[in-house]
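Engineer: What follows is a single structure, and I will ask about it in a moment.
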Amino acid sequence: MKKGIIIFILLAVIAAVAALLNRQTQETSRKADSRKVLFYQSAMHPWIKSDKPGNCTICGMKLSPVYEGEQSMGTNENLVLLGSNTITVLNVATEKAAVRPLSRRLTVAGTIDDNESTHRIISAYVDARVDKLWVNFLGAEVRAGEPMVSIYSPALLTAEQEYLTLLRRQNSGITGLPGEAHQELLAAAQGRLLRMGLSEAQIAGIQDKSPTNFQSEILAPISGTVVLKQIYEGQYVKEGEPLFEISDFSTMWFLFDAYERDLAFLRPGQKVIVRPAATPDKKFEGQITFINPNIDPMTRSSKVRVEIPNPLININGRQQRLLFHRSYAEADVQIEQPSALAVPREAVLQPGHSPRIYVEREPGAYEPRLVELGFVGDTHIEIRSGLSEGEKVVLQGNMLIDAQAQLSNVPHPAVHSHGSQTSINRDKTATALSTKEQSALNSFVQASSAISAALASDDFSAASAALPAYQESLRVVMEIFQGHPTIHEWHTLQEIELSNENIKRLRQAFSQQNAALNKIFKTIGAPTNGILYQCPMFPRPGKTAYWVQAAGPLRNPYWGAEMLECGTAIKPNEQP
C-alpha cells in the first residue's frame, strides 16, 4: 500500500514537469513564430542563402532560418554571393585555368619590293652609237646572255680587228714573233675586248663575224626584269653612261613595320602568309629573313623583311611576274609561345591598371582576384600570378558579377597568395605595415587624391578646400612613421610657402610636396588603395612630377584640361 502511494506521487511529479516543459516549448514556438525570418542560410556553406526554406545547393543540408535581430553565420567578405536563380538569369559560365600553348596571329601591312642584292646596272663600256634596241620597254623579262642593244663603236671595232688579225696569224703559223710573245699579245687583245664589254662567247665568235657587220651587242648579264631604261635608238652614249637597270623579280621582299611591343615575338624563319592587294585571290607563303636592329625614333618600329616567291605567268602570250613591284600587301604572322597557365581572354576584366578575374570558390560564390597578365593570344591570355591551375574562372556573366560586387560593397580585390601584383609595390627592405600604419597611409592617399582630382578639374576652390584634410592626414603619417630614413623629405604644403593666389602656384607647391612620394613609399611601405603616376612634362618638358590617386583612370593634376591624360602609372622602383 505504502509502495503504491510513492509510485503515484512520482508519476504525478513527472506529469507536472512534462506539462510545464510543454507550455514552455509552446511559448518559445509562439515567440519564434512572431519573429520575422530574414532569410535561410546553410550552416556548412554560409554564403548559400535563400528567401525560402530548402536545402543547401552544395551539401544538401537543410537551410537554417536567420531571424530579425540575429547575426548571420560568418561569410567571406571578399565573395560575391549569387542565388541559383540569379546564376541562371546571368547565364554564368566557368572554365578551369590550365597550362596550354599560346598562339597569336599578328596582322601587319607593308609593301612588296624587289631584292636589292640582285640589282644590276648595264653601262656603256665604250663611246658608241645606239643602232638598235632589242629591249625597248620597262618591265620586259630578259634572260642572261640575250642581246639588249646593238651599238656601233669605232674603238670597239678597232679592238676586234686587232684581235682578229693576231688570231689569224696564229692560225697561219706566221706570226713574226716568238710563240710566247705572240700569245701574250693575243691574250692582251682578248682582255681589252673583255674590258670593253664583250663576253667570252662574243670574242670567240669574232672570226665568224661578217666583214660588213660593224655592230656589236651588249648582252644581259643576268636574267630579270628591266626596271630602268635610259636610251633610245640613234642616241650617242659616252663611256660609263648607264643604259639599263635589271632586277631579279623571281624572289621579292615583303617589308613591314613591327612595333617595339611585337619585336620580342618575331624571329628569322617564322612563317608569314602575305596577301597582296593587287592579287586578292592569291596568298604567298614566305619566311622572315631579317629584322632590322635599328628602331625608328619617330614611329618606334623596326623594318622586318620577308622573302616570297614571285612566279612567272603568261598573259596574252607575254611572260610577266605575278607580283607587282612596290604594291601594297597585308600579312599574317603566326606567333607561337611555350605552354603557360592561361585563361580565355573574356575571363579578364581590365579596369584601369588593375586587371582582374572572378574565381568560383563554390557554386554561387565568386572571389575577385587581381592578376598579372603575360602573353596575349588570340583566344587565351597568360596569367603570371594571381591564379592557380585548376581554379575555375568566370567567362560569361563576369561583368554583371563585377557590378554586383560594387553594389554589395565587396572590398577591392586583393592579390591571391600565389600572386605578387599590387597597385604600388613596396621595396623589399621595407617592413610589413601594421593596421594603424596602413590605415594612416590609406587616409593620406584619399586626401591627396581629393586635391589631385580638384586640380585635374581646374577647380582651385575645391583644391583649396581639400587642403585641411590633406594636411591633417599628412601630420598623422609623419607622426606614426617618424624615424624612417626618408620621412624627413615629406613636408606640409605650408612649409613650402603655399600661396592661395592662383591654381598655378598651388600646382607648383603640390608637385614639390609629391617629389619624394616614390622614394618614401619604397622605404616605409605602400598604401593598398593608391596608384602612383608620373608626368614627364611638369613644370616643363624634361622634368618629372609625381602624384597618387585612389583609383584610375589617370587624371593629370598639373595640367588639367590642357593635358588631362598626360602621364603613366609607375612602380616605385622605376623612379630614375
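Engineer: Just to verify a number: what accessible area does THR94 come out at with the full protein assembly present, 1.4 Å probe, Å² rounded to tens?
Structural biologist: My reading of the accessible area for THR94 is about 50 Å².
Engineer: Checking the cross-link filter: which aspartates and glutamates have an alpha carbon closer than 20 Å to that of LYS282, excluding same-chain neighbours under 8 positions apart?
Structural biologist: Output for LYS282: ASP113, ASP114, GLU307, GLU330, ASP332.
Engineer: Leaving out same-chain residues fewer than 8 places away, which aspartates and glutamates sit with a Cα under 20 Å from that of LYS504?
Structural biologist: Those aspartates and glutamates meeting the cut-off are ASP458, ASP459, GLU495, GLU562, GLU565.
Engineer: Within the range 237-268, which GluC sites (Glu not before Pro) sit in a loop by DSSP and count at most 16 neighbouring Cβ atoms inside 10 Å?
Structural biologist: Numbers: sites: GLU239, GLU245, GLU260; in loops: GLU239.
Qualifying residues, ordered by number: GLU239.
Engineer: Near the amide H of PHE39, under 5 Å away, which other amide H atoms are found, from residues 5 or more places off or on another chain, if H is placed in the peptide plane?
Structural biologist: Under 5 Å from the amide H of PHE39: VAL66.
Engineer: Step through the residues of the range 237-248 one at a time and calculate ³J(HN,Hα) from phi using the Karplus curve (6.51 cos²θ - 1.76 cosθ + 1.60, θ = phi - 60°), rounding each to whole Hz and writing x for Gly and Pro.
Structural biologist: After applying 6.51 cos²θ - 1.76 cosθ + 1.60, I find 10, 9, 4, x, 6, x, 10, 9, 10, 10, 9, 7 Hz.
Engineer: Roll a 1.4 Å probe over the protein heavy atoms and report the accessible area of HIS182 in Å², nearest 10.
Structural biologist: Estimated to the nearest 10 Å², HIS182 gives 10 Å².
Engineer: Could you tell me which chymotrypsin sites (Phe, Trp or Tyr not before Pro) in the range 112-221 are loop residues by DSSP with no more than 16 other beta carbons within 10 angstrom of their beta carbon?
Structural biologist: Answer by residue number: TRP134, PHE137, PHE214.
Engineer: Between the DSSP loop rule and a limit of at most 15 other Cβ atoms within 10 Å, which trypsin sites (Lys or Arg not before Pro) in the range 180-211 are left?
Structural biologist: On the way: sites: ARG192, ARG195, LYS209; in loops: LYS209.
Those that pass, being in a loop and sparsely packed, are LYS209.
Engineer: Under 5 Å between amide H atoms, partner at least 5 residues away or on a different chain: which partners does ASP378 have, H built in plane at 1.01 Å?
Structural biologist: Counting only residues 5 or more places away or on other chains, the set is SER103, ARG104, ARG105.
Engineer: Next question. In straight Cα distance, which aspartates and glutamates are under 20 Å from LYS392, not counting same-chain residues fewer than 8 positions off?
Structural biologist: Qualifying aspartates and glutamates at Cα under 20 Å: GLU77, GLU95, GLU346, GLU360, GLU362, GLU367, GLU372, GLU382, ASP402.
Engineer: Keeping every protein chain in place, order MET399, MET61 by accessible area at 1.4 Å, biggest value first, i.e. largest first.
Structural biologist: Details: MET399 140, MET61 80 Å².
Descending accessible area places them as MET399, MET61.
Engineer: Oh, and also: Over 26 Å between Cα atoms, which of LYS36/LYS62; LYS303/LYS543; LYS436/LYS519; LYS132/LYS238; LYS209/LYS229 qualify?
Structural biologist: On the way: LYS36/LYS62 19 Å; LYS303/LYS543 32 Å; LYS436/LYS519 21 Å; LYS132/LYS238 16 Å; LYS209/LYS229 28 Å.
Exceeds cut-off: LYS303/LYS543; LYS209/LYS229.
The values are calculated or read from the model by the stated rules, or taken from the named source; none is laboratory data. For clarity, every value in this text was computed on a predicted model and none was experimentally measured. Positions of Cβ are backbone-derived with ideal geometry, glycine not excepted, and every protein chain shown enters the neighbour counts. Side chains included, ligands, DNA and RNA excluded: accessible areas come from the protein's heavy atoms. Shrake-Rupley method; radii C 1.70, N 1.55, O 1.52, S 1.80 Å.
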